[in-house]
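The values are calculated or read from the model by the stated rules, or taken from the named source; none is laboratory data. Please read all numbers here as calculations on a predicted model, not as lab measurements. When the accessible area is computed, the model is the full protein with side chains, heavy atoms only, and any ligands, DNA or RNA have been set aside. Shrake-Rupley method; radii C 1.70, N 1.55, O 1.52, S 1.80 Å.
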Amino acid sequence: MIAQNIPLYNFNNGTLMIIIFALVCVALVVAVFLFMSGGKKNTIEESNTVVEEIKNVEEVKSIEENEEPSL
């Protein structure tokens, strides 16, 4: 008679863990959307500046590759 009243397994802890996991997943998805929508927007002038800097770096690398080693 006593054995019928003792549950073999308690699902409360597992249910709580699933709920916490779901909340963490939702929070991470919300954080990703906030990062995607926020942030600094690049203007055309800033983009052109970055392109010019990349070209300058490429020119310096090509010059360094063409230089003869000094003895």
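Tell me, yes or no, whether the stretch 51-61 has at least one residue that is outside any helix (DSSP H, G or I) and at pLDDT 70 or above.
No, that holds for no residue.
Looking at the stretch 12-49 only, could you name the residues that are at pLDDT below 75 and either part of a helix (DSSP H, G or I) or open to solvent by less than 100 Å² (accessible area, probe 1.4 Å) (or both)?
Result: Gly39, Thr43, Ile44, Glu45, Glu46, Ser47, Asn48.
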